[in-house]
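Please read through the structure below; I'll follow up with questions.
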Amino acid sequence: MVREKDYFNIILDSIADGVFTVDKQWRITTFNKAAERITGFTREEAIGQYCYEIFRTNVCLERCALRETMQSGQDIINKELNILDKYNREIPVSISTAVLRDEKGEIIGGVETFRDLSLIKELDKEIHEKYSFQDIISKHPSIVNIFRILPDIARSEATVLIQGESGTGKELIAQAIHNLSPRKDGPLVKVNCGALPETLLESELFGYLRGAFTDAKRDKPGRFKLAEGGTIFLDEIGDIPAGIQAKLLRVLENKEYEPLGGTSTIKADVRVVTATNKDLERLVKLGQFREDLYYRLNVVKIELPSLRERRMDIPLLIEHFIERFNKKTGKEIRGVSDEVMKILLNHPYPGNIRELENIIEHAFILCKGPQIQWEHLPSYLRNQKPSTTERRSIREIEKEHIINTLQRCSGNMTKAAQELGIHRTTLWRKLKKMGSI
Ligand SMILES: Nc1ncnc2c1ncn2[C@@H]1O[C@H](COP(=O)(O)OP(=O)(O)OP(=O)(O)O)[C@@H](O)[C@H]1O
Ligand SMILES: [Mg+2]
């Protein structure tokens, strides 16, 4: 016959999670097989030792979960931390804690269960590595393809045109091209061509010499000069006026330009990367953009799909931004609720990835717990609460079911109520509420 205590140990050893218990002096009183496997310590080595000598976590000193549980009486569920095993290898685990009480309800110790997360973490890392490149996250086939060709594009000196809606990551791609290029130790100079009026943009790009105009008290180098040996990133290239289009064409064709007020030409050793959220081809057709310049810029074109076209990336991006804001704010948010995920998957994102990033940042400010909830979302998203539509549809499903049953029972309420498993008066009440009586 199996004694009660042995029976208890058999059960404990059949559990896949590590389990140990401690008494009120923090000495280990039970240690199951999985705990032996994960920590490397045998039961004999563990029992009687202080838990912090065997289950060595990175938070033992400042935030022991068992101590918190024993003080507050509150269980802790699935807290992630790292432990050192017997051989001082770091192992990620997820722990849960609870208080142990005797028959009288007195606390006699605590129990901690823990799960080895090494494999999950490794898989996570693999997925992350597969779907991320230079801080760009995506598993959309066309972007994964960009990851593949980006090193070759970067190595070449070709002019690159990056096209995509606002917030799709154009600047991120420009940065990656620079970082992967032989010019990476040189400067990356960014110019927003849409932000400046023509004369200012011209002097900003090409610089001016002293006396070029009344206020030009001394020479001022342009951005092309500042980008010497590196890359110039011309953002909003679709907005540049005709006069500058001609000058830019000359830089691209002959690698030279003249600063304002100057007569001698300056040689430019600069790689040009441009971006636009406009359809340049259409602008060419409309006569607003020089065709020859378009072809010069368009040596390599990278088209970034909108977030609407790559919804599969939304969960990955959410995870990425949560990780980033956790690092920035010191919070330990682990994810979003199912309801939030549903809303975020359905939103059309006119602002693309930047919008999603802003949504997560907003939620971070409001979220105090481990998970982002509906109420942490910006108000324009909260109005799209899916459960209200779901609630309505459940009611509709019920209505349909009741009506079908009644029809089958030829309008006999008693029979229909029986079939529906509800009381006749309940059916009556439901029909009245539905406006069917
Ligand atoms: N694939 C991605 N993975 C991770 N973060 C991304 C990705 N794409 C964009 N982001 C982030 O989204 C934000 C917007 O990206 P970025 O500034 O590169 O977009 P953009 O296309 O240049 O936008 P705009 O047209 O408004 O200038 C940045 O914070 C960037 O880090
Ligand atoms: Mg940009």
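Any idea which of Pro197, Pro182, Pro187 is more than 16 Å from ligand 2 (Cβ to nearest atom), of a type outside the set (A, V, I, L, M) and within 12 Å of Ile232 (Cα to Cα)?
Values: Pro197 fails: within 12 Å of Ile232 (Cα to Cα); Pro182 fails: within 12 Å of Ile232 (Cα to Cα).
Result: Pro187 is the single residue among Pro197, Pro182, Pro187 that is more than 16 Å from ligand 2 (Cβ to nearest atom), of a type outside the set (A, V, I, L, M) and within 12 Å of Ile232 (Cα to Cα).
What number of residues within region 273-304 are within 16 Å of ligand 2 (Cβ to nearest atom), part of a loop (DSSP other than H, G, I, E, B) and not polar (S, T, N, Q)?
2
Let me ask something else about it. Which of the helices (runs of 4 or more DSSP H) contained wholly in region 135-239 include at least 1 residues that are within 24 Å of Leu307 (Cβ to Cβ)?
Values: elements: 141-155, 170-180, 198-206, 223-226.
Counting at least 1 such residues, we get 141-155, 170-180.
Further question on the same structure: All but one of (1) in contact with a Lys or Arg (Cβ under 8 Å, 6 or more places away or on another chain); (2) over 24 Å from Glu129 (Cα atoms) hold for Leu366, so report the exception by its number.
With respect to (1) in contact with a Lys or Arg (Cβ under 8 Å, 6 or more places away or on another chain); (2) over 24 Å from Glu129 (Cα atoms), Leu366 is out only on (1).
Sort through Glu157, Glu103, Glu68 and tell me the only one that's over 22 Å from Glu45 (Cα atoms), at pLDDT below 95, of a type outside the set (A, V, I, L, M, F, W, C) and not assigned by TED's automatic domain parsing to the domain that holds Gly18. Working first, answer last.
Numbers: Glu103 fails: not assigned by TED's automatic domain parsing to the domain that holds Gly18; Glu68 fails: not assigned by TED's automatic domain parsing to the domain that holds Gly18.
The conditions single out Glu157.
Could you say whether any residue in region 254-272 is out of contact with any Phe, Trp or Tyr (no Cβ under 9 Å at 6 or more places or on another chain) and in a helix (DSSP H, G or I)?
Scanning region 254-272 turns up at least one residue that is out of contact with any Phe, Trp or Tyr (no Cβ under 9 Å at 6 or more places or on another chain) and in a helix (DSSP H, G or I).
OK, next. Thr214 versus (1) surrounded by 13 or more Cβ atoms within 10 Å (Cβ to Cβ); (2) more than 27 Å from Arg155 (Cα to Cα); (3) of a type in the set (Val, Ile, Thr): which is the lone unmet condition?
For Thr214, the exception is condition (1).
Would it be correct to say that Glu129 is away from ligand 2 (no atom under 16 Å from the Cβ), out of contact with any helix residue (DSSP H, G or I) (no Cβ under 9 Å at 6 or more places or on another chain), in a helix (DSSP H, G or I) and without any contact (Cβ under 8 Å) to a residue 60 or more places away in the chain?
On the way: away from ligand 2 (no atom under 16 Å from the Cβ): yes; out of contact with any helix residue (DSSP H, G or I) (no Cβ under 9 Å at 6 or more places or on another chain): yes; in a helix (DSSP H, G or I): yes; without any contact (Cβ under 8 Å) to a residue 60 or more places away in the chain: yes.
Considered against the rule, which asks whether it is away from ligand 2 (no atom under 16 Å from the Cβ), out of contact with any helix residue (DSSP H, G or I) (no Cβ under 9 Å at 6 or more places or on another chain), in a helix (DSSP H, G or I) and without any contact (Cβ under 8 Å) to a residue 60 or more places away in the chain, Glu129 comes out as yes.
One line per residue, one yes/no per condition, for (1) modelled with pLDDT of 95 or more; (2) buried (at least 17 other Cβ atoms within 10 Å of the Cβ); (3) of a type in the set (Asp, Glu):
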| site | (1), (2), (3) |
| --- | --- |
| Pro141 | no, no, no |
| Asn145 | no, no, no |
| Asp152 | yes, no, yes |
| Ile162 | yes, yes, no |
| Lys170 | yes, yes, no |
| His178 | yes, yes, no |
| Pro182 | yes, no, no |
| Val189 | yes, yes, no |
| Pro197 | no, no, no |
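Which of the following residues is touching a residue at least 40 places away in the same chain (Cβ under 8 Å) and among the aliphatic types (A, V, I, L, M): Ile76, Ile153, Ile149? Step through it out loud before you land on a result.
Numbers: Ile76 fails: touching a residue at least 40 places away in the same chain (Cβ under 8 Å); Ile149 fails: touching a residue at least 40 places away in the same chain (Cβ under 8 Å).
Unique residue meeting the criteria: Ile153.
What are the pairs with Cβ atoms under 6 angstrom where one residue, in region 158-171, is closer than 13 Å to Gly238 by Cα and the other, located anywhere, is basic (Lys, Arg) and more than 9 Å from ligand 2 (Cβ to nearest atom)? Sequence gap at least six, or different chains.
Every condition considered, the pairs that remain are Leu161/Lys301.
The values are calculated or read from the model by the stated rules, or taken from the named source; none is laboratory data. Predicted, not measured: the structure shown is a model, and the values here were computed from it. So basically every Cβ, Gly included, is an ideal-geometry build from the backbone, and we count neighbours across all protein chains shown.
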